[in-house]
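Each value in this text was obtained by applying a stated rule to the coordinates, not by laboratory testing. The structure presented is a predicted model; accordingly, all values stated were derived computationally and were not measured. No Cβ is skipped: glycine too gets one built from the backbone with ideal geometry, and neighbour counts run over all protein chains shown.
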Amino acid sequence: MIEKTWGQAQDELRKTVGKNAFASWIEPLTLVSLDAGTARFDVPTNFMRDWVSRNYSEQIRLHLAKVGAEVERVDFVVPKARAVPIAKVAPATRKAASRPQAAQRSEEGDLPGAALDSRFTFDSFVVGKPNELAHAAARRVAEGGPVTFNPLFLYGGVGLGKTHLMHAIAQEMQARDPELRVLYLSAEQFMYRFIQALRDKQIMDFKELFRSVDVLMVDDVQFIAGKESTQEEFFHTFNALIDQNKRIVISADRAPGEIKDLEERIKSRLQCGLVVDLHPTDYELRLGILQQKAETYLALHPGVKLAGGVLEFLSHRITTNVRVLEGALTRLFAFASLVGKEITLDLAQDCLADILRASDRKITIEEIQRKVSEHFNIRLSDMIGPKRTRTIARPRQVAMYLAKQLTTRSLPEIGRRFGGRDHTTIMHGVRVIEEMRGTDHQLAEDVDLLRRLLES
Ligand code: ADP
Ligand code: MG
């Protein structure tokens with residue numbers, strides 16, 4: 001009876017979570033009892049128990065309920081005698097069942113990596129225009145397969161999801177192939193290990209270890225800029241792995257060429273692979289992330305109600321980084337569940353006054369004009385003046401484009417600030433830059449850099 005119920009629920013789950021996730025996380029579960037509103041599952045490992053209960057318990061509960069089982073709680077238990085359930089599962093599942101153990105290997109001291117956050121998966125990563133390329137590249141790497149670009153270099157401002165994507169890659173690769181030696185760590189940890197090895201006279205072990213991995217992932221590589229011997233060692237490790245065709249994934253807060261005090265040869269090696277950036281979030285992406293978060297929170301705090309318009313308001317007003325955005329939502333839910341109030345616009349404005357004030361910095365057209373003229377080395381007066389030579393007109397159009405993108409001013413208003421130009425001139429300028437961004441790599445980089453400068 002319970003087998004049939006679970007079988008039906010599984011069919012539904014397979015459709016909603018996808019084939020791979022299903023094979024990795026749902027199929028290895030055994031429903032052992034179903035009474036008093038509690039469904040109890042056996043899971044092969046502790047890691048898997050934590051993962052599944054964090055990511056899938058609500059969906060499992062829902063689907064069991066849909067096929068007629070009244071379930072209020074879902075419990076996952078790792079049986080003491082492990083031999084039994086594993087002997088029961090089909091060969092294809094056996095591999096899946098053993099996967100999560102391997103993901104923990106690095107925490108057990110074999111590889112000196114950093115712990116991976118089980119919440120940072122591809123499933124929980126919301127994809128939008130600003131991050132779709134980075135996401136696609138990360139997926140490609142995580143799939144394994146032939147190495148067509150190496151390294152993958154991900155860069156972007158604080159809180160845009162670099163670490164999230166790196167953890168997602170590491171966890172996915174480890175889940176696909178438990179034998180794979182995936183080493184993820186921050187550049188700071190790399191340096192720390194290196195110094196430790198020097199001090200303990202174990203540099204050969206250090207070298208050997210780092211050269212023995214299949215996948216090396218170093219987060220926030222800008223940290224080693226200016227740290228000479230660490231850079232040197234990093235460079236050698238990097239080259240050795242590239243030569244062996246091993247996967248490397250690097251992240252930084254800016255493009256390789258823009259990292260100060262990083263040796264030229266390292267910069268150029270980093271640029272050899274695929275360099276992709278995470279753009280600042282746009283409204284749709286922020287809203288998407290908040291909606292996903294809110295869903296989880298609503299499930300966790302059944303008593304809390306969320307009024308319409310709140311998430312839209314937050315996405316509109318908190319534009320800095322995703323971490324701040326998530327923090328705001330966490331605070332709202334914590335507060336609302338404490339005082340038992342509905343989360344309304346008023347409550348949000350009250351409760352988040354400090355965050356909202358900090359995010360309130362408005363970019364002015366004057367600021368944009370100033371930064372753009374500095375960047376392209378032209379006079380501010382020419383930006384507004386009548387000259388139409390290319391060296392002046394192009395930066396002017398960049399400034400028009402940024403004014404449209406980064407302020408809420410209308411085209412006629414922007415026109416007035418560009419020496420009383422007509423709104424059609426502004427529209428034309430914006431279009432030109434929009435189109436050129438797709439074809440002119442240098443221009444695209446200039447625009448992104450300026451945008452980041454202005455938004456920081
Ligand atoms: P970075 O390493 O670029 O500074 P993180 O990866 O640490 O940023 O992201 C900061 C927070 O924002 C994390 O909690 C992360 O899960 C979340 N986040 C960022 N981008 C996304 C996204 N596209 N979808 C879901 N969560 C995101
Ligand atoms: Mg990070």
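Neighbour counts of C-beta atoms inside 10 Å place MET204, MET383 in the sequence MET204, MET383, starting with the fewest.
Using just its DSSP H runs of length 4 or more, each adding -39500 (n - 2.57), the chain gives a mean residue ellipticity at 222 nm of -17500 deg cm²/dmol after division by all residues. Taking the longest Cα principal axis of the chain as reference, the axis of helix 91-103 is set at about 60 degrees.
For the listed residue pairs LYS246/LYS267; LYS162/LYS207; LYS293/LYS371; LYS341/LYS362; LYS162/LYS362; LYS129/LYS227, the alpha carbons are over 28 angstrom apart in LYS293/LYS371; LYS341/LYS362; LYS129/LYS227. When restricted to Cα atoms, the range 365-455 yields an Rg and a Dmax of 11.7, 31 Å, respectively. The packing ranking of peptides 141-151, 212-222, highest mean first, is 212-222, 141-151, where packing means the average number of other beta carbon atoms within 10 angstrom of each residue. For the range 253-332 versus the range 417-437, the inter-centroid distance based on Cα atoms is 29 Å. Extent along the principal axes, Cα only, for the range 283-359: 30, 23, 20 Å, with the longest axis given first.
Taking other Cβ atoms within 10 Å as a rough exposure proxy, ASP346, ASP35 sort from fewest to most as ASP35, ASP346. Average 1/r across all pairs of distinct alpha carbons in the chain, invert it, and you get the Kirkwood radius: 25.2 Å.
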